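Written below as structure tokens is the structure these notes are about.
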Amino acid sequence: MPSNITRFSISLETDLLEQFMDMVERRGYPNRSEAIRDIIRESLVKEEWEGEEEIAGTITIVYDHHKRELTDRLTRIQHAHHEAVLATTHIHLDHDNCMEMIAVKGTATLVQSLADALISARGVMHGKLSATTTGKTLK
Ligand code: NI
């Protein structure tokens, strides 16, 4: 066992442990420890997003580019939040529909406000903000 690893035991209700074990198997974790690590990291990332720390993520939106002035509006929204936008990838899904993936980094407030503005824009059919971390604070 590496020296930076500490083994500890936890107490759980039997039913809860069974549910956890089922989840470990369902999700294909190699062992319980790896599943626990992911759950802890997920909680830590969630805390980062609740605070004012710098976070990272992606915003994905799907829209019909024929919708009047929509492309211009989406560009304006991104320019208004330019300090949070790292890169944008545009994919022409078919004749009408576009998918745009925007990589973002900044405070959660700024990133959330950009995501809200894009996703709520009229003509955007679906949008999703995927919240992750810059990785600086996780071990
Ligand atoms: Ni397109």
Quick one: give the max-minus-min coordinate of the C-alpha atoms of region 54-133 along each principal axis, largest first, in Å.
-> 37, 20, 17
Long-range lysine pairs (8 or more apart or interchain), the chain, Cα under 23 Å = 8
Hull volume per residue for the chain, using the convex hull of the C-alpha atoms, in Å³ is 162
For region 1-26 and region 99-129, what is the separation of their Cα centres, given in Å?
-> 36
Quick one: length gained pulling Met21 to Lys139 fully straight, 0.36 nm per residue minus the C-alpha distance?
-> 40.0 nm
Cβ-placed point charges (K, R +1; D, E -1), dipole of region 54-133 about Cα centre in debye, nearest 20 | 120
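Computed from the coordinates by the stated procedures, all read-outs in this text should not be read as laboratory data. Since this is a predicted model, take the numbers as computed values, not measurements. Ideal geometry is used to build each Cβ from the backbone, glycine not excepted, and the neighbour counts take in all protein chains shown.
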